[in-house]
Amino acid sequence: MDTTLTLQVLDDNLARALKAAAQGAVFIVDENGKPAYVLLSYPAWQALAAPPRSISDRIRQKDGDGESVEFDPEPARIRLKPAELD
């Protein structure tokens, strides 16, 4: 669950912000309400910073229980038509 805090609330209650970051991203907004910073837990940051995986790796991935993820796409049906060269 994401949380939004002002810089003032962050200054006043860092423990609350850290606890919220354990549950999801904490968006810290400036005095105008514009997002200025994001506080993440270290595991959440690692997931974002990990190198991108190839599509074949994603297809072969396992779900949370260690079971293979089912992937059985429909065949693509592409119809070509001759170019009109007028």
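The values are calculated or read from the model by the stated rules, or taken from the named source; none is laboratory data. Fair warning: this is a prediction, and the values are worked out from it, not measured in the lab. Neighbour counts are summed over all protein chains in view; Cβ atoms, including those assigned to glycine, are modelled from backbone coordinates with ideal geometry.
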### Query
Out of (1) out of contact with any strand residue (DSSP E or B) (no Cβ under 8 Å at 6 or more places or on another chain); (2) surrounded by 13 or more Cβ atoms within 10 Å (Cβ to Cβ); (3) at pLDDT 90 or above, what's the single condition that is false for VAL9?
(3)
### Task
Within region 43-54, identify whether any single residue is touching a helix residue (DSSP H, G or I) at 6+ places or on another chain (Cβ under 9 Å) and at pLDDT 90 or above, and answer yes or no.
yes
### Task
Take ARG58 and decide whether it is at pLDDT 90 or above and either out of contact with any Leu (no Cβ under 9 Å at 6 or more places or on another chain) or of a type in the set (S, T, N, Q) (or both).
no
### Query
Does any residue of region 14-27 turn out to be surrounded by fewer than 10 Cβ atoms within 10 Å (Cβ to Cβ) and at pLDDT below 90?
no
